[in-house]
């Protein structure tokens, strides 16, 4: 027995344990090798690659419309926004004019995607911290958005609703009514979320001042999305480099200066209100017109390099395409927000207790397939 | 800073750099040995203040390997693309920029893992996604008889 214990203690007298790859709080196959002194975390070393599928390599042998279906499988909770990133990059390269109808539908769908992603974050974050009720409340409301997706896109999560030049199909005739119904419903139920969790004393004690990330570190580590904005890093691509219909809607970029787990959580809660505002401004103003621009049957991008960034529910997704003029891209790189956000985990969880590691990891809202790609 | 000014500035920092005004960003191909000093000066100079490395990608150009750095200034809002190229495919080594932008630590590990480009002074250069026996799959001459099926 003693021999076995000795092997677990390394040269710095630290106890090394594996958290994951099948740990419930990592929400996927992420393995964290944690060095502990007593209960205090001294070092966290993520081991990734359990679901590395080589999406970037696969992209090199398929055509542009096919790539879209792979991007769904990266950050599956922001599937629609990932699709949009590739489509925008292709359309920018071909200098295609996109009619307003497509832009507005894309924006509405993106914001619905953002809401359902934040709902799932709220649900699972509550569950990670011991509040099982959150999970039921969150999924109950998320189901309504997934039903809207199902009706219009034919799929609930992996929507693949975009294609270069527009959308795969037109919206369902019922779409506008259902979205409006949902917004009405969710404006009533979102305050319940705050009553249940945000004001809860145990929750606040466990998240406030835990895992503080300074603004300098956030920029230097490139932490974007709600996690970056909680540290005061104004990084919302929708504001700084508007794409689709974001230039015609009014919304606020939510930023805080504290940068702890509680404020990372709060940014997401407030963003759901902003997303609802955006949808309400657009839902009655969908103009008539075609749902897709006619593109050439085989899409070939002119030789050159193209970079497109979009704001997913987790941060800045960059699509970097190098084309040599063929129907397949020469090289595709996805700058995935989760991969970059993970890099900060070791820094901000140092000297906290191991239970706080769950809090901090959850507040970064990592989606593992997007890290591994 | 305007694109034209930025081009002049990078040229003055490094006389060997080939700077062009790209479609989207100013693009500068810098000699491998000068990359670290150019990057450091671009970050510390208050007029450029490139503090946010938002994308770092490794590319196999066929005869050459390369690394592409997309950098932006969060204060001033302008962006630049720095590129380096290696003639030597067998042992490409560049200086790590982890001390300038901390986010480079993970990105460089990824590039090392998938393309086999090494980075000097990197704090922890190990493979990230793949086991040691996997080779460097993002290289164009990578062969894997088992998993890659070429349709004819």
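The values are calculated or read from the model by the stated rules, or taken from the named source; none is laboratory data. Being a predicted model, the structure only gives us computed values, none of them experimental. Every residue, glycine as well, gets a Cβ built from its backbone with ideal geometry; the counts of neighbours run over all protein chains shown.
Assorted remarks:
- Among (1) more than 25 Å from residue A:48 (Cβ to Cβ); (2) assigned to a helix (DSSP H, G or I); (3) within 11 Å of another protein chain (Cβ to nearest Cβ), the one test that residue B:36 misses: (3)
- Failed criterion for residue B:88 (all others in (1) within 9 Å of chain A (Cβ to nearest Cβ); (2) surrounded by fewer than 14 Cβ atoms within 10 Å (Cβ to Cβ); (3) free of Cβ contacts under 8 Å to residues at least 24 places away in the same chain; (4) on the phi < 0 side of the Ramachandran plot hold): (1)
- From the list A:186, A:251, the one residue that fits, being under 21 Å from the mean Cα position of the chain (by Cα), part of a loop (DSSP other than H, G, I, E, B) and within 26 Å of residue A:101 (Cβ to Cβ), is A:251.
- The residues in region B:108-135 that are crowded, with 16+ Cβ neighbours inside 10 Å, more than 10 Å from chain A (Cβ to nearest Cβ), closer than 20 Å to residue A:220 by Cβ and touching a helix residue (DSSP H, G or I) at 6+ places or on another chain (Cβ under 8 Å) can be counted, and the count is 3.
- Scanning region A:331-353 for any residue that is more than 21 Å from residue A:46 (Cβ to Cβ), touching a residue at least 60 places away in the same chain (Cβ under 8 Å) and within 12 Å of chain B (Cβ to nearest Cβ) turns up at least one such residue.
- When residues of region B:1-30 are limited to those that are assigned to a loop (DSSP other than H, G, I, E, B) and loosely packed, with under 14 Cβ neighbours inside 10 Å, the one nearest to the other protein chains (Cβ to nearest Cβ): B:23
- Filter result for residue B:105 (at the interface with chain A (Cβ under 8 Å from one of its Cβ atoms) and closer than 19 Å to residue B:43 by Cα): yes
- In region A:19-36, the residues that are surrounded by fewer than 15 Cβ atoms within 10 Å (Cβ to Cβ) and modelled with pLDDT under 85: A:22, A:24
- Matching residues, region A:316-330, being more than 10 Å from every other protein chain (Cβ to nearest Cβ) and in contact with a helix residue (DSSP H, G or I) (Cβ under 9 Å, 6 or more places away or on another chain): A:317, A:321, A:323, A:327, A:328, A:329
- Residue count for region A:288-303 satisfying the condition of being farther than 19 Å from residue A:161 by Cα and touching a helix residue (DSSP H, G or I) at 6+ places or on another chain (Cβ under 7 Å): 2.
- Qualifying residue in region A:182-189 (condition: more than 14 Å from chain B (Cβ to nearest Cβ) and modelled with pLDDT under 90): no
- Lone qualifier among A:224, A:207 - being surrounded by 21 or more Cβ atoms within 10 Å (Cβ to Cβ) and more than 10 Å from chain B (Cβ to nearest Cβ): A:207
- Residue count, region A:37-79 (criterion: exposed (fewer than 15 other Cβ atoms within 10 Å of the Cβ) and touching a strand residue (DSSP E or B) at 6+ places or on another chain (Cβ under 7 Å)): 3
- Considering A:288, A:305, the condition of being within 14 Å of chain B (Cβ to nearest Cβ) and either over 28 Å from residue B:25 (Cα atoms) or free of Cβ contacts under 8 Å to residues at least 40 places away in the same chain (or both) is satisfied by A:305 alone.
- Scan of region A:227-251 for residues that are within 10 Å of chain B (Cβ to nearest Cβ), touching a helix residue (DSSP H, G or I) at 6+ places or on another chain (Cβ under 8 Å) and surrounded by fewer than 20 Cβ atoms within 10 Å (Cβ to Cβ), ordered by number: A:234
- Annotation: of all residues in region B:68-78 being surrounded by 15 or more Cβ atoms within 10 Å (Cβ to Cβ) and more than 9 Å from every other protein chain (Cβ to nearest Cβ), the one that is farthest from residue A:233 (Cα to Cα) is B:69.
- Residue within region A:167-174 that is on the phi > 0 side of the Ramachandran plot and touching a residue at least 12 places away in the same chain (Cβ under 8 Å) present: no
- Residue among B:53, B:82, B:138, B:65 that is buried (at least 22 other Cβ atoms within 10 Å of the Cβ), under 23 Å from residue B:20 (Cβ atoms) and facing another protein chain (nearest Cβ under 8 Å): B:53
- Among the residues making up region A:42-74, those that are assigned to a loop (DSSP other than H, G, I, E, B) and either under 20 Å from the mean Cα position of the chain (by Cα) or within 25 Å of residue A:357 (Cβ to Cβ) (or both) are A:48, A:49, A:50, A:51, A:52, A:53, A:54, A:72, A:73, A:74.
- Residues of region A:268-284 include none that is buried (at least 20 other Cβ atoms within 10 Å of the Cβ), more than 14 Å from every other protein chain (Cβ to nearest Cβ), assigned to a loop (DSSP other than H, G, I, E, B) and modelled with pLDDT under 90.
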